[in-house]
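Read the structure below first, then the notes.
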Amino acid sequence: MKSRIKVLAGCAILVLIDQLSKLWVLRYLKGRDAIPLIPGVFELLYVENRGAAFGILQNKQWVFLIIGILVLALLLWLLPGIPGERRYLGMKYCLYFVGAGAVGNMIDRIFRGYVVDFLYFKLIDFPVFNVADIYVTTSCFILIVLVVFFYKDEDFNRMFAKRPSNLKK
């Protein structure tokens, strides 16, 4: 039980960091010019994202809410099956970060009607993103590396093995 409370607290802290960064941006960047951190390379730029990366699916908030709910449901289904051994910590942490990122952007979509983005790599004209996006993309990349190069078939067999019905958590 204590570990579940720690996990929830950790995820809540990640969501809080994301939301506080967005509140800061709303207060200090909205309606202002971009702030160059590395001139010509990286800047803080306020953007109201009503779609996904590269501007796809503009104003289709319900699509993103459904996707977010499905991602969270999948995580809640996957996480209890992952063994508690140290070997599986990387996978667990990646899934926690994906969940925190999904929740952070869902909060924006529900309460603002758009996602606040503000990190912009001007040098390569990369889509503007936020802290929750960093959680999701970085953890998905690490998860792919773990799945392809680290975990073996036996590991997945352990993760997805059926639990006996007499084991209840």
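The values are calculated or read from the model by the stated rules, or taken from the named source; none is laboratory data. Treat the numbers as computed from the prediction; the structure is a model and nothing was measured. Here the Cβ positions follow ideal geometry from the backbone for every residue, glycine too, while neighbour counts run over all protein chains shown. Protein only, heavy atoms only, side chains kept; ligands, DNA and RNA dropped before computing areas. Shrake-Rupley method; radii C 1.70, N 1.55, O 1.52, S 1.80 Å.
Counting Lys and Arg as +1 and Asp and Glu as -1, each charge on the Cβ, what is the dipole of the chain about the Cα centre in debye, to the nearest 20?
So the dipole magnitude of the chain works out to roughly 840 debye.
Measuring with a 1.4 angstrom probe and ignoring ligands and nucleic acids, Leu76 comes out at about 130 Å² accessible. Size descriptors for the chain, from the alpha-carbon set: Rg then Dmax equal 18.3, 61 Å. For segment 115-132 versus segment 87-105, the inter-centroid distance based on Cα atoms is 21 Å. Here the contact order of segment 1-146, divided by its residue count and restricted to Cα pairs under 8 Å and six or more residues apart, works out to 32 percent.
Using only the alpha-carbon atoms, how far is helix 89-111 inclined from the longest principal axis of the chain? Give it as 0 to 90 degrees, nearest 10. Roughly 40 degrees, rounded to the nearest 10.
Relative to the Cα centre, the charge distribution of segment 89-169, modelled as +1 at Lys and Arg Cβ and -1 at Asp and Glu Cβ, gives a dipole magnitude of about 540 debye. With the largest listed first and rounded to whole Å, the semi-axes of the equivalent ellipsoid of segment 82-163 from the Cα gyration tensor are 31, 16, 8. When the Gaussian network model of the chain links Cα atoms closer than 10 Å, the mean-square fluctuations of Ile107, Ile38, Ile67 top out at Ile38. Considering only Tyr93, Pro127, Thr138, the residue lying farthest towards the positive end of the dipole of the chain is Tyr93, judged by Cα position with unit charges set on Cβ. Within a straight-line Cα-Cα reach of under 13 Å, Lys22 can be paired with the following aspartates and glutamates, leaving aside sequence neighbours fewer than 8 residues apart in one chain: Glu48, Asp108, Asp117, Asp133.
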